[in-house]
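A.B. asks: Handing you this structure, nothing more for now.
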Amino acid sequence: MGFNGQFFLKIIEWTDNMIVKEWCMYCGECAGVCPRNLIEVREISLNFNEKNCKECEICIQVCPVKALEKRDD
């Protein structure tokens, strides 16, 4: 539990455009639907080839635990 009884989300990975939350299960659903095959799943990490990403966000939509998020900044 965080400060004043609030929960804080821990971010474990981020790239220029993507945030991967700590509850990511590395199940590979995101990699399986990427139309450009730009996501590689490792044991405890995801590798994104953002240079060629067209930001379709299909990977975010299919994540069963909602562990992927697009960075807004």
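A.B. asks: Pairs, please: C-beta under 6 Å, at least 6 apart or cross-chain, first residue of a type in the set (A, V, I, L, M) and in segment 44-67, second surrounded by 12 or more Cβ atoms within 10 Å (Cβ to Cβ) and part of a helix (DSSP H, G or I)?
C.D. replies: What qualifies is Ile58/Val33; Val62/Glu29; Val62/Val33.
A.B. asks: Residue check, Lys54 against (1) closer than 13 Å to Met18 by Cα; (2) exposed (fewer than 12 other Cβ atoms within 10 Å of the Cβ); (3) under 11 Å from the mean Cα position of the chain (by Cα), all met but one. Which one?
C.D. replies: (3)
Read-outs throughout are calculated quantities, based only on the coordinates presented, and are distinct from any laboratory measurement. Remember, it's a predicted structure, so these values are computed and weren't measured experimentally. Using ideal geometry, Cβ is built from the backbone for each residue, glycine included, and neighbour counts are taken over all protein chains shown.
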